[in-house]
1. Please work out how much length the chain gains when fully extended from L229 to F187, using 0.36 nm per residue of separation minus the C-alpha to C-alpha distance, in nm with one decimal.
2. Which length gain, in nm to one decimal place, applies between F180 and I76 when the Cα-Cα distance is subtracted from 0.36 nm times their residue separation?
3. Take L22, L435, L229 and sort them by solvent-accessible surface of the protein heavy atoms, 1.4 Å probe, largest at the top.
4. For segment 339-373 and segment 94-122, compute the distance between their C-alpha centroids and round to whole Å.
5. What Kirkwood hydrodynamic radius do you get for segment 45-88 when you take the inverse of the mean 1/r over all pairs of distinct Cα atoms, in Å?
6. What percentages make up the Cα-Cα pair-distance distribution of segment 336-447 when the bins are 5 Å wide from 0?
7. Whenever you get a sec, line up V239, V25 from highest to lowest accessible area (probe 1.4 Å, protein heavy atoms).
8. So for the pair A165, R249, with labels modelled 7 Å out along Cα→Cβ, what separation do we get in nm?
Amino acid sequence: MAPVSSAQPGAARRMATGAVLLALVVSAFEGTVVTSAMPTITRELGGQHLYSWVFSAFLFASTVGVLISGKLADRIGRKPVFFTGMGLFLVGSALCGLSQSVEALIAFRVVQGLGAGALQPTTLTISADLYTLRERATVQGLFTGAWGAGNAVGPLIGGWLVMNASWRWVFLVNVPVGVFAALLLYFSYRDPPRRADVKLDRWGPLLAGTSAALLLFSLEPGDTWPRVLCVLGAVAVAVGLVLQQRQSRAPLLPIELVKDRTVLSGVAGGIAGGALLYSMAAWVPLWMTEHEGKTPIVAGLTLLPMLLGWSVGSTFGVKLLVRGGMRLSAGVGFAVAATGAGLLALTAAYDGGTGAALASLAVLGMGLGPAASTSLIAPQSRVAWHHRGIITSSLYSTRLLGGSLTVAALALARGHFATQFAIAAALAGTVALLLAVVAPGRALDEV
């Protein structure tokens, strides 16, 4: 089914595109601006042992928000979900900026994450409504450039704010940009016709979120038996989720989509892409400050080669997808990313220096860009329009879930940075091999 035009080419579509770009920037900015500020935040507020939870709580809440928002966007429209998500995100950002303890910060990050979870996939769905697959191959550089710019300036601005103002502005700066993006979208974007017969699954997101939460708790350092019980509980709830989804009239992911190789490849790519992106964003700056003795600004700038590499790689990633399928765009991309993460592990193990670290992260980003972006775009373009919201949210949730679980899991090896980076490399290599076998190798046509 061809996409429904939600803003005709011209001023309206340019304004809607601008709103989407600003939303991407503010969400991407929030994803990395915290990285250079977190060592300072935990030192000022205490709670260093909860360092990873400031990341994991946001990513977990985002996962739940994503699961809820996808089908809502198909049923009630993109705009209501976008505005609700933006409202939660901005309220959460303001509360984070007012936090007086790490525990309160984690709680407010949950509010912020719920909003981001609704905002981010809805933004990507709107961009898919505005442009066809082949048009997206042309404008992909614009979207990935905005995303990359938001990620790239985040650590720099975060480090500057920590050193010259206050870490609280790391969160408060989101508010004016988010309000402006919402106003732009309100006046420019028109929701396509909605399907009134789209059903909502209330139990699916709850069970999925509960299982993910139990897994996160199991990764928290502490006594063995509570962690074992959390693992067993997560498995039991996951089994219940599978049984519930088989009986549900409105499953999180319709059964006909689960059978599609492009969608399955997107799930694997989403998990691995999120794992690499968020684990690097969480642990590389800490490595730079604790082990290498760098300032927060320098630590944040260390991520710049990876983020710029992501942006550049994504630019030609869609073109590879159109010509050679996911096996070429995502499979080869993850192989390159695994190489970069492996080089980073060697750099950390043998004190290779900052230059070697920057080069390794650039290689990682060049592979991760096309791999992660086409793992989302390919399934988006394979499904009918009325499934586009749910496929976007489902795949985006795998990215967040992969990130939250990996950040928490790598916290078990805190201080052993070479081991952390080696695990990330092994994960990327495994997914590259999987996609080489499973992913479609044919050129992709939009349905």
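1. Extra length from L229 to F187 when fully extended: 10.0 nm.
2. Working it through step by step, the gained length comes to 35.2 nm.
3. Largest accessible area first, the list is L229, L22, L435.
4. After rounding, the separation between the Cα centres reads 30 Å.
5. Here the Kirkwood hydrodynamic radius works out to 12.0 Å.
6. Per 5 Å bin, starting at 0, the Cα pair percentages come out as 2, 11, 16, 20, 19, 13, 9, 6, 3, 1, 0.
7. Descending order: V239, V25.
8. Computed distance between label sites A165 and R249 equals 5.1 nm.
The values are calculated or read from the model by the stated rules, or taken from the named source; none is laboratory data. Just so you know, these numbers come straight off a predicted model, no measurement behind them. Don't worry about glycine lacking a Cβ; one is built from the backbone with ideal geometry, like all the others, and counts go over all protein chains shown. With ligands, DNA and RNA removed, areas are computed over all heavy atoms of the protein, side chains included. Shrake-Rupley method; radii C 1.70, N 1.55, O 1.52, S 1.80 Å.
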